[in-house]
Amino acid sequence: MSAVEALIRLHLDTPRQGPGDPALLDRMVAAVKPPFAPQVADLGCGTGATAIRLAERLGASVLAVDAAAPFIAALADRLEAQRPVAGRVTPVLGDMLAPPVAPGSLDLIVSEGAAYAVGFETALAAWRPLVRPGGGCVVSECVWWGADRPAEAAGFWAEGYPGMGSVADALAAAEQAGWRFAAAERLPAAAWWTSYYDPLRARIAALKPGADKALAEAIAESEREMAVFERFSDAYGYVLLALVAP
């Protein structure tokens, strides 16, 4: 098993593949004022928790894109069990920087916990032409909350996300990519646990006894990440940005 395969296996049967808060997502989506039944892309969708919510709450048609085939297969299985939204969510295996949509055809892009993987600035620049004037983007970015950057946390993120900056840096990147700021809100630390880390811990407990080398390494890195967050969540976290295309 490769390192990537190990990460996918570790996260496959968790409700989400990153931290989030549905109520916060709803507020940020409302801030960009999408039209009724919008055309939406959920980029880096994982197994589709956000895509399904967008379809349910907005009556949206959602293109759900992820590069991990097992996540897309899991989303297809979820849709089989959720017939009311199955026709409004389209799972797509592909590159979230190049989703199969025409320029200017989207009312809204949403991306939670994924843009960092391809570069936050790169993602925002690639997505801007896909959204119609007046459309929106709701995207999360992991940031430092202030000048206090404890050495252990800074060392961890220097390995995992060396480009991690501040909220101001994220807003500057959005402006540079052609977006206009609408709203921003911090993801509460508690939401990291309830939405992501607690289910991940349960998954680790189930997989750890029979883990091969690659999976054991992925588990150890996830446990390290959780330990760092437990001690230093006042220093960093996710900000959710609501952006508008002028």
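All of the numbers you see were taken from the coordinates with simple rules; none came from a lab. From a predicted model like this one, the values you see are computed outputs, not experimental measurements. FYI the Cβ positions are ideal-geometry reconstructions off the backbone, even for glycines, and counts take in every protein chain you see.
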Per the Kirkwood formula over distinct C-alpha pairs, the hydrodynamic radius of region 120-194 in angstrom is 14.0
With Cα springs under 10 Å, the Gaussian network model of the chain assigns the largest mean-square fluctuation among Pro133, Pro91, Pro209 to Pro209
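With a Förster radius of 30 Å, plug the Cβ-Cβ distance of Arg132 and Val167 into 1/(1 + (r/R0)^6) and report the FRET value to the nearest 0.05.
0.65
From the helices alone, meaning DSSP H stretches of at least four residues, give me the mean residue ellipticity at 222 nm for the chain, per-run term -39500 (n - 2.57), in deg cm²/dmol to the nearest 500. Before the final figure, lay out the partial values.
Values: 11 runs with 108 residues, N = 246.
That calculation yields -13000 deg cm²/dmol at 222 nm.
What is the gain in length, in nm to one decimal, between Ala23 and Ser105 on full extension, counting 0.36 nm per residue of separation less the C-alpha to C-alpha distance?
Numbers: separation 82, 0.36 × 82 = 29.52 nm, distance 2.63 nm.
Between Ala23 and Ser105, full extension yields an extra 26.9 nm.
So what's the projected area for the chain, the Cα convex hull averaged over all directions, in nm²?
On the way: hull surface 49.6 nm².
Mean orientational projected area (the chain, Cα hull): 12.4 nm².
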Using alpha carbon centers only, region 32-49 is separated from region 110-171 by a whole-angstrom value of 19
So, over other residues within a Cβ distance under 13 Å of Trp144, counting Lys, Arg +1 and Asp, Glu -1, the net charge is -2
Label model pair Lys213, Ala3: point-to-point distance (7 angstrom along the Cα→beta-carbon line) in nm is 1.3
Correct semi-axes for region 118-246, from √(5λ) of the alpha-carbon gyration tensor and rounded to whole Å with the largest first, are 31, 17, 14
hull vol. (C-alpha, convex hull) per residue for region 1-98, Å³ -> 102
